[in-house]
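K.L.:
If you scroll down you'll find the structure; I have some questions about it.
The values are calculated or read from the model by the stated rules, or taken from the named source; none is laboratory data. A quick note: this is a predicted structure, and the numbers were derived from the prediction, not measured. A quick note on method: Cβ atoms are made from the backbone with ideal geometry, for glycine too, and the neighbour counts reach across all protein chains shown.
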Amino acid sequence: MSDFETSDVSCPSCGAPMTISTANSINAWRHPWAREQVRSGAFHRFGCDACSETFHVERDFVYHDSDARQFFVVYEPTSATAWQEQERLTERLCVETFQSGPSGVEQLGLTYEIRTVFGRRALIDKLLIADAGLDDALVELVKLELVTSVPALGARPLLEVMVTAVSATDDVIELVAYDREGEPNPIEFSADLRRYRDFENQRSTLVERWPNLFHRTYRSYHRLAVEPARTLRETP
C-alpha cells in the first residue's frame, strides 16, 4: 500500500507556512492516480494559497508497481553525486523487501525492474522508456553519444538528460537536458530511434563492455565516467 506523511513547510516564493502531504512510498497498482500524477509532473507539486505560486518537493520515496513489475527507489537529485552509495542502499532494500516476504516473493522479485533514480524527472524518464518497451541501458548510451557529440552539452559536467517522449510514428526519442543544480533554460532535442536499434543489434557486445550499466540498478550514462569499459575478449 501507499504511505504518506504530512509536514510543515514554507512556500519557497513568499515564505508563507503550509502543510503538505508527501509519499514515503506509493503503490501504483493500488493507487493509479499516483502513477498518473507522476507521469504528468503533478506528483509532489503544491500550490501556495498566499501567493498562488506552485513548487515541487523532492524527497526520497519508493515507487512500486506490481502490475508493471517495477520497484524504483527515488532519491533527492542532490544525492546523485553519491550514486554508488545510494545504489547499494537500493539493493539492500530490495533484498530486505523480497526475502522477508511470504513464500514465493523472493522469486517474484527476480522478475522486477529494480532501479535507483534521482528525482521526479528521472522517474518519469524511466517510466516513459518502459512504456515504449525500450531498454533503458541502451537509451543511456544514446544519451551519452549525444552529450559527447554536442559541444554545448559536453561542456556541462552536471548535465542531466531525460526522456520526455518516445514516438514510434516519427521514429524519435524526445529529450531535455538541464543542469542538476537547476538550469532555468533547459535544452530540448531529439534522437533518432534508428540509433537505438543500432545499439540493440550490438547489445551482447555492449553488455560485455559495460556489465554494470545493464545489470546494476543505477542505469545512467554517468556511471560510465567512473567505470571504464572492459576490454573485449578476442574471438579465437
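K.L.:
If we keep just the residues of region 27-67 that are of a type in the set (A, V, I, L, M, F, W, C) and within 20 Å of E91 (Cβ to Cβ), which is surrounded by the fewest Cβ atoms within 10 Å (Cβ to Cβ)?
P.N.:
Across region 27-67, the extreme among qualifying residues is V62.
K.L.:
Before we move on, is T169 outside any strand (DSSP E or B), in contact with a Gly (Cβ under 6 Å, 6 or more places away or on another chain) and at pLDDT below 95?
P.N.:
In short, no.
K.L.:
Among the listed residues V147, V142, V163, which satisfies the condition of being in a strand (DSSP E or B), modelled with pLDDT of 85 or more and either in contact with a helix residue (DSSP H, G or I) (Cβ under 6 Å, 6 or more places away or on another chain) or under 28 Å from D65 (Cα atoms) (or both)? Before you say what the answer is, go through the steps one by one.
P.N.:
Values: V147 fails: in a strand (DSSP E or B); V142 fails: in a strand (DSSP E or B).
Residue meeting the stated conditions: V163.
K.L.:
Still on this model: If you go through region 78-91 one residue at a time, do you hit one that is among the hydrophobic types (A, V, I, L, M, F, W, C), within 17 Å of A177 (Cα to Cα) and in contact with a helix residue (DSSP H, G or I) (Cβ under 6 Å, 6 or more places away or on another chain)?
P.N.:
Looking for residues that are among the hydrophobic types (A, V, I, L, M, F, W, C), within 17 Å of A177 (Cα to Cα) and in contact with a helix residue (DSSP H, G or I) (Cβ under 6 Å, 6 or more places away or on another chain), one finds none in region 78-91, hence no.
K.L.:
While we're looking at this one, here's another question. Can you name the number of the only condition in (1) within 18 Å of the chain's Cα centre (by Cα); (2) surrounded by fewer than 17 Cβ atoms within 10 Å (Cβ to Cβ); (3) at negative phi that A152 fails?
P.N.:
Failed condition: (1).
K.L.:
If you don't mind, another one. When only residues in region 151-180 that are without any contact (Cβ under 8 Å) to a residue 12 or more places away in the chain and of a type outside the set (S, T, N, Q) count, which is farthest from L213 (Cα to Cα)?
P.N.:
D170
Here is a yes/no grid of residues against (1) in contact (Cβ under 8 Å) with a residue 40 or more places away in the chain; (2) under 14 Å from Y218 (Cα atoms):
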residue: L89; (1), (2): no, yes
residue: Y112; (1), (2): yes, no
residue: R120; (1), (2): yes, no
residue: A130; (1), (2): yes, no
residue: E145; (1), (2): yes, no
residue: T148; (1), (2): no, no
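K.L.:
State yes or no: is V142 within 22 Å of T164 (Cβ to Cβ) and either in contact with a strand residue (DSSP E or B) (Cβ under 8 Å, 6 or more places away or on another chain) or not small (G, A, S) (or both)?
P.N.:
For V142, the condition - within 22 Å of T164 (Cβ to Cβ) and either in contact with a strand residue (DSSP E or B) (Cβ under 8 Å, 6 or more places away or on another chain) or not small (G, A, S) (or both) - is met.
K.L.:
Just to confirm my filter: which helices (runs of 4 or more DSSP H) fall fully inside region 8-118 and include at least 2 residues that are more than 20 Å from the chain's Cα centre (by Cα)?
P.N.:
In region 8-118, the matching helices (runs of 4 or more DSSP H) lie at 83-99, 105-109.
K.L.:
Step by step: first the residues of region 24-39, then only those that are in contact with a Ser or Thr (Cβ under 7 Å, 6 or more places away or on another chain) and among the polar types (S, T, N, Q), then the one that is farthest from A132 (Cα to Cα). Which residue is that?
P.N.:
S25
K.L.:
For the list (1) in a loop (DSSP other than H, G, I, E, B); (2) loosely packed, with under 12 Cβ neighbours inside 10 Å; (3) at pLDDT 85 or above, I need the number of the one condition that E227 fails.
P.N.:
Of (1) in a loop (DSSP other than H, G, I, E, B); (2) loosely packed, with under 12 Cβ neighbours inside 10 Å; (3) at pLDDT 85 or above, only one is false for E227: (2).
K.L.:
If you don't mind, another one. How do the pairs read when you match residues in region 191-207 that are among the β-branched types (V, I, T) and in a helix (DSSP H, G or I) with residues anywhere that are at pLDDT 95 or above and surrounded by 13 or more Cβ atoms within 10 Å (Cβ to Cβ), using Cβ under 7 Å and keeping only pairs 6 or more apart or on different chains?
P.N.:
What qualifies is V207/F214.
K.L.:
Filter region 72-87 down to the residues that are of a type outside the set (A, V, I, L, M) and closer than 18 Å to N212 by Cα, then identify the one that is surrounded by the most Cβ atoms within 10 Å (Cβ to Cβ). Walk me through it before giving the result.
P.N.:
Step one: of region 72-87, the residues of a type outside the set (A, V, I, L, M) are 72, 75-79, 81, 83-87.
The next check asks that each one be closer than 18 Å to N212 by Cα; those that pass are 72, 81, 83-87.
Working: F72: 25, T81: 13, W83: 20, Q84: 14, E85: 11, Q86: 21, E87: 20.
Looking at the filtered set, the residue picked out is F72.
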